[in-house]
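Data first, discussion second: the structure below is written as structure tokens.
The values are calculated or read from the model by the stated rules, or taken from the named source; none is laboratory data. Predicted model only: the values in this text are computed from it and were never measured. With ideal geometry, Cβ positions are generated from the backbone for all residues, glycine too; neighbour counts draw on all protein chains shown. Just the protein is used for accessible areas: all its heavy atoms, side chains included, with ligands, DNA and RNA removed. Shrake-Rupley method; radii C 1.70, N 1.55, O 1.52, S 1.80 Å.
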Amino acid sequence: MSQSKIVTIERHIIEGERAHPGATGDFSGLLRDLTLAFKVIWREVSKAGLVNILGLTGKKNVHGEEVKKLDEFADDTIYRAMDHGGHLCVMASEENEDVLQIPDNYPTGKYVLIYDPLDGSSNIDALVTIGTIFSIYRRVTPKGKGMLQDCLQPGYKQIAAGYCVYGSSTMLVYTTGDGTHGFTFDPSIGEFLLSHENIKIPRRGKIYSVNEGNYRWWHDGMKKYVKYLQEEDKETKRPYSARYIGSMVADVHRTLLYGGIFMYPGDTKNPNGKLRLMYEANPMSFIVEQAGGRSSNGHKRILDLQPESLHQRTPLFIGSEEDVCIAEEFLQGKRESARAS
Ligand code: AHM
Ligand code: MG
């Protein structure tokens, strides 16, 4: 008989909470509500090609980008799944300029939810893998409705983070600071089942992932690093392969499983790159660090950055410990080529 146990995400969360004496079950309730939202989003995403849901709404989000219907649907679904549970005091979504308040008629709780409802949305029409990303913090204000300061906490204060990738299979990956675990969705029973317990990212990979179309705007260190990855060296398994989906959640998911590095650097055109600290970089960094990987803006650990605004952007270098360390050496000008200077 197979020795592998069948564990749903709900059971995993409850057992994780049991390990913490004094836990009220509040946190399990929060994650359970979120899981329901992912199932609802999965249902819409998986029939995107069948129904007349694709196409632009004609509106622009706070970053000036066109919003697709599925983004709005996902944004709305998470808010509606989470506003009434009594677990949260405030939310913030990548699609909304300001924090999202809990309605007056519902109780408030001690947690803060920050989410990117549908990352990689420019790929929706091509049926490429996209995903939802989330971060959970404990509130810092004492009670009642939460405020901006509850959201603007550095990433190391996250108490949980995760993402749900809607791909050829759908998978939920999360951490509460006790390792990174993956659950594959079985649509026939409507459950996320433990499939990847305690994920460990390889110490070094052989894949790099970056939008090389931006090469002309890259800084010198970045250009030299990518050249280094393309040189031949048997010992370090170079040249690396290049893979870039253009959907961060999918690119980082692959990096987590296979190793290597995903990068969205700052450059002369966009000094802070494209990705958002609160919605994308912080949760992915917590997940990757919990799997033994590393994440940085080239100079500092992402999780140590003090956010100043909800939608601030940051350069991101994330993946295998050794790969990110070498990238940092190039970016900081401490290394120019294969040999350390
Ligand atoms: P989004 O949240 O609006 O989808 O934008 C973020 C996405 C990331 O998923 C992806 O890594 C990046 O944008 C791709 O950007 P680019 O097309 O500049 O390479
Ligand atoms: Mg995004």
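Can you work out which of the residues in the stretch 207-234 that are under 17 Å from Ser320 (Cα atoms) and either more than 16 Å from ligand 2 (Cβ to nearest atom) or surrounded by fewer than 17 Cβ atoms within 10 Å (Cβ to Cβ) (or both) is nearest to the chain's Cα centre (by Cα)?
Once the filter is applied, the top-ranked residue is Val210.
Of the residues Met278, Met248, which single one is of a type in the set (A, V, I, L, M, F, W, C) and touching a Phe, Trp or Tyr at 6+ places or on another chain (Cβ under 8 Å)?
Exactly one residue qualifies, and that residue is Met248.
Do we have any residue at all in the stretch 153-168 that's modelled with pLDDT under 95 and within 16 Å of ligand 1 (Cβ to nearest atom)?
Yes, the stretch 153-168 has at least one match.
For the stretch 176-206, enumerate the residues that are modelled with pLDDT of 95 or more and within 16 Å of the chain's Cα centre (by Cα).
Gly179, Thr180, His181, Gly182, Phe183, Ile199, Ile201
Being of a type in the set (Gly, Ala, Ser), within 16 Å of ligand 1 (Cβ to nearest atom) and surrounded by 18 or more Cβ atoms within 10 Å (Cβ to Cβ) is true for just one of Ser122, Ser135. Which residue is that?
Selected residue: Ser135, the only one of Ser122, Ser135 that is of a type in the set (Gly, Ala, Ser), within 16 Å of ligand 1 (Cβ to nearest atom) and surrounded by 18 or more Cβ atoms within 10 Å (Cβ to Cβ).
Within the stretch 235-273, count every residue that is in a loop (DSSP other than H, G, I, E, B) and within 16 Å of ligand 2 (Cβ to nearest atom).
Summing the residues that are in a loop (DSSP other than H, G, I, E, B) and within 16 Å of ligand 2 (Cβ to nearest atom) in the stretch 235-273 gives 7.
If I filter the stretch 105-116 for residues that are away from ligand 1 (no atom under 16 Å from the Cβ), in a loop (DSSP other than H, G, I, E, B) and buried (at least 22 other Cβ atoms within 10 Å of the Cβ), do I get at least one hit?
No; the residues of the stretch 105-116 include none that is away from ligand 1 (no atom under 16 Å from the Cβ), in a loop (DSSP other than H, G, I, E, B) and buried (at least 22 other Cβ atoms within 10 Å of the Cβ).
Do you know which of the residues in the stretch 277-311 that are open to solvent by 10 Å² or more (accessible area, probe 1.4 Å) and part of a strand (DSSP E or B) is farthest from Glu197 (Cα to Cα)?
Ranking the candidates gives Arg301 first.
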